[in-house]
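For reference, the structure discussed in these notes is given below.
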Amino acid sequence: MRNRRVAAIPTGVHLWGNRTVEESLTVLWAAQLIHPDLFRDWDIRDEVATFYANFFKKPLTNPEVEKILTGHP
């Protein structure tokens with residue numbers, strides 16, 4: 001990976017790297033992580049909030065979205 005950094009895959013209901021309904025978020029997350037210049041006008045946080053509201057009928061707060069993306073409470 002560029003700059004020799006390692007990024008942990010987010011975890012919501014499931015680990016995003018597994019074959020689950022959340023796996024589609026992994027592609028979006030990785031795209032923004034690997035090519036931030038191509039996705040500077042786009043925010044994964046908005047996609048996560050929309051996804052959980054639509055697929056799980058669970059509106060997320062901003063802290064909940066951050067916890068999913070970072071693993072930190």
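The values are calculated or read from the model by the stated rules, or taken from the named source; none is laboratory data. The structure displayed is predicted, hence computed values, not measured ones. Here Cβ is always computed from backbone atoms with ideal geometry, including for glycine, and neighbour counts include all displayed protein chains.
Residue by residue through region 9-59, note down the ones that are touching a residue at least 24 places away in the same chain (Cβ under 8 Å) and in contact with a Gly (Cβ under 6 Å, 6 or more places away or on another chain).
Across region 9-59, the qualifying residue is only 22.
State which residue is surrounded by the most Cβ atoms within 10 Å (Cβ to Cβ) when the search covers only region 31-73 and only residues that are modelled with pLDDT under 90 and under 12 Å from residue 9 (Cα atoms).
Among those that are modelled with pLDDT under 90 and under 12 Å from residue 9 (Cα atoms), it is 33.
Please go through region 5-20 and give me each residue that is surrounded by 13 or more Cβ atoms within 10 Å (Cβ to Cβ) and either closer than 14 Å to residue 71 by Cα or under 13 Å from the mean Cα position of the chain (by Cα) (or both), ordered by number.
The answer is 9, 10, 11, 12, 13, 15, 16, 17.
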